[in-house]
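A.B. asks: Below is the structure I would like to discuss, written out as structure tokens.
Values quoted throughout were computed directly from the atomic coordinates according to the rules given, and no laboratory measurement underlies them. None of the values given here were measured: they were computed from a predicted structure. Note that each Cβ is placed from the backbone with ideal geometry, even for glycine, and that neighbours are counted across all protein chains shown.
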Amino acid sequence: MNCKKCNAPIGPKEMFCANCGEKNPDYNPNGDNVFSSYDEVPKKKNIVPKAVLGVVAAVFLVGVAFAGVNTVRNMLMSPKDQFRNALKKESESVVSFVGNNIDTVKKRYQSFGDGYTSDGNISLEVTQEGKDMLGMFLPYYMDDDLDWLDSLSIKYKGNISSDAANMDLNLMLNKKDILAANVYMDSEEVQFKIPDISDDVLTLDTQSLESELGYYSSYNLFESMGMQKVMVEAIPDSKQLKKVTDKYIDIAIKNINDVDKSSDTVSAEGVKVKATKLTAYISGDDLAEMKSEILNQMLDDNDLKKIIIDCGDSISDNLGYSSSGEDAYDTFISNVEDAIEYSEYDSFNDMEYSIWLGSGNKVIGKELVVDDETVISYMAPVKGSDLGVEFEAGYGGDSVKFSGEGKVKGSSVSGKFVLEADGESINFDVKKLDFKKLSKGEIDMDVDFSMGGYYGIGGYSLGVKANGNEKKVSVVFDVKSGGKSLVRLTVDETVSKGKAPKELSGKKLSADNYSDISDYIDDADIDNLIKKLKKSDLPSEYVEMIESSFGY
């Protein structure tokens, strides 16, 4: 390097210039340049291997490809195939919904045969507004002041089977115990016991009870339960239902050939979204061909045959008919053969069936037009969380309408809707309705119902809140006025595997025998009951009425 003042040569170990004496600013006794440590900056190692980056990139590209596969498929799919595909998916969804609910009912009735334990509570709660209203309907000889009444409930627990049941009951006023009872029932006899007043058991013959109810009445609860159980067992489950319906859905869908496709919008109650419109033109001849194929399929459908025979046998066995399931099937086949024979005289109107597909190719609208008259129109667009619904069905001037707007959150819907027909209306204030649970045979809903029109009850509504499945359920019925609760009925029940019902222990006395009734009353500890009632919130005048009924 050179001196900056005189330009004479100077080395890095020389502090001063030998020519002019100027200080060397680059002086370094070690002989290294002060910037030498920055000449070669060590490179940072790549903490993400290139192979990993490659995998991430590949996964990303595959994700993009799969995300767009439906779009590409729909672009390549003909309008006819797109219409058929959408219709098949929707039909399968409806069949699945019905099948799952049938399965739930079948499980419930199966428990009748296996026996189950029912543990629950029925409670009636009355608000001050409700007390004021109920007071107006009490007989003149009763006090119309119901301030003493807050709630009345019955706790129960017992075992139920298809041929007998026993139940322990506890009546409570304002959550205070006032009366306990034990009941046993079978197809021959009813047994009743009140432990607070007697260890004796009153019995009642079921034939005697039937005669009291009337000649055409039937007391036999267990016969009814058994009949329903057998009939429900005969109904096809979800798998059987799908197996049968798939055949006929496919026949209907394959006869849809003439389909137009266009871009459109679906609008209802202010909610508007873009959609794909698919319109199928189905001639009367196509409908005749569809009917012919369905009828011929029925002739050789062994799955359908089994269902008809099983249901026929069930009905015959339970109602005492002489005909069998085979007889019912023979009659069914005869009717099908007659329909095929006379099908050449059938005449069907041409129709247009339009569907609108929204996001995810979900059906958000339908319209059925027969000879230029709209028979069914249904629009249900969803934009974000906003839902609009407009439905109308009618022919020849009569129509039914359902409309409203709401919100969608997950599988739940809320909003205000109205059903209108013949000048009357039912209003639905839906706070929650979970369709996913409904599709599984469960329930989770909170809805207020009110009437409008000529028969409407101004200001009154009925709230129904329910949650549960085949093992546990809670239902609340709430009568309201102006949105305020008047009377609330709550039913909570848990069902579990049960034990065999047992008859009541104690001396049996017939309720049909006057002497036995007299003995029961003479031995009854009525004083104990009256003492218990006096400690409750029951008004003294009511206690006195009960006391006098026993001759005190």
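A.B. asks: Order these peptides, 429-441, 493-505, 269-281, by their mean beta-carbon neighbour count within 10 angstrom, highest first. It would help to have the intermediate numbers written out before the result.
C.D. replies: Details: 429-441: 16.5, 493-505: 14.0, 269-281: 18.3.
Put in order of decreasing packing, that is 269-281, 429-441, 493-505.
A.B. asks: From largest to smallest, what semi-axes in whole angstrom does region 477-524 give when each is the square root of 5 times an eigenvalue of its alpha carbon gyration tensor? Don't skip to the answer; put the middle values down first.
C.D. replies: On the way: eigenvalues 335, 104, 12 Å².
For region 477-524, the ellipsoid semi-axes come out as 41, 23, 8 Å.
A.B. asks: Starting from the amide H of Ser510, placed 1.01 Å from N in the peptide plane, find each other amide H under 5 Å away whose residue is 5 or more places distant or on another chain.
C.D. replies: Under 5 Å from the amide H of Ser510 lie the amide H atoms of Thr203, each far enough along the sequence or on another chain.
A.B. asks: Given the peptides 541-550, 379-388, arrange them by the average over their residues of other C-beta atoms within 10 Å, most packed first.
C.D. replies: Details: 541-550: 12.9, 379-388: 18.5.
Output ranking for 541-550, 379-388: 379-388, 541-550.
A.B. asks: Which value, in debye to the nearest 20, gives the size of the charge dipole of region 416-552 about its Cα centre, when Lys and Arg are +1 and Asp and Glu are -1 at the Cβ?
C.D. replies: Details: 21 positive and 25 negative charges, 197 e Å.
Rounded to the nearest 20 debye, it is 940 debye.
A.B. asks: Report, ordered by chain and residue number, the aspartates and glutamates lying within cross-link reach of Lys436, taken as a straight Cα distance under 16 Å and ignoring same-chain residues fewer than 8 apart.
C.D. replies: Within the straight-line limit of under 16 Å, Lys436 reaches these aspartates and glutamates: Glu90, Glu92, Asp103, Asp444, Asp446, Glu470.
A.B. asks: By a straight-distance test (C-alpha under 21 Å), which lysines pair with Lys131 as possible cross-link partners, with residues fewer than eight away in the same chain excluded?
C.D. replies: Correct list for Lys131: Lys175, Lys176, Lys480, Lys484.
A.B. asks: Shape verdict for region 400-552, please, from the Cα gyration tensor: rounded (a/c under 1.5), prolate (a/b greater than b/c) or oblate. Let's see the in-between values first.
C.D. replies: On the way: a/c = 3.06, a/b = 1.96, b/c = 1.57.
Verdict is prolate for region 400-552.
A.B. asks: Roughly how many nanometres apart are two label points built 7 Å out from the Cα toward the Cβ at Asp525 and Met451?
C.D. replies: 4.9 nm
A.B. asks: Classify region 366-475 as rounded, prolate or oblate, taking a ≥ b ≥ c as the square roots of the eigenvalues of its Cα gyration tensor: rounded when a/c is under 1.5, otherwise prolate if a/b is larger than b/c and oblate if not. Intermediate results must be reported in sequence, preceding the final value.
C.D. replies: On the way: a/c = 2.01, a/b = 1.37, b/c = 1.47.
Oblate shape, in that a/c is at least 1.5 and b/c is the bigger or equal ratio.
A.B. asks: Calculate the length of the line joining the C-alpha centroid of region 168-187 to that of region 351-410, in whole Å.
C.D. replies: Centre-to-centre distance over Cα atoms comes out at 51 Å.
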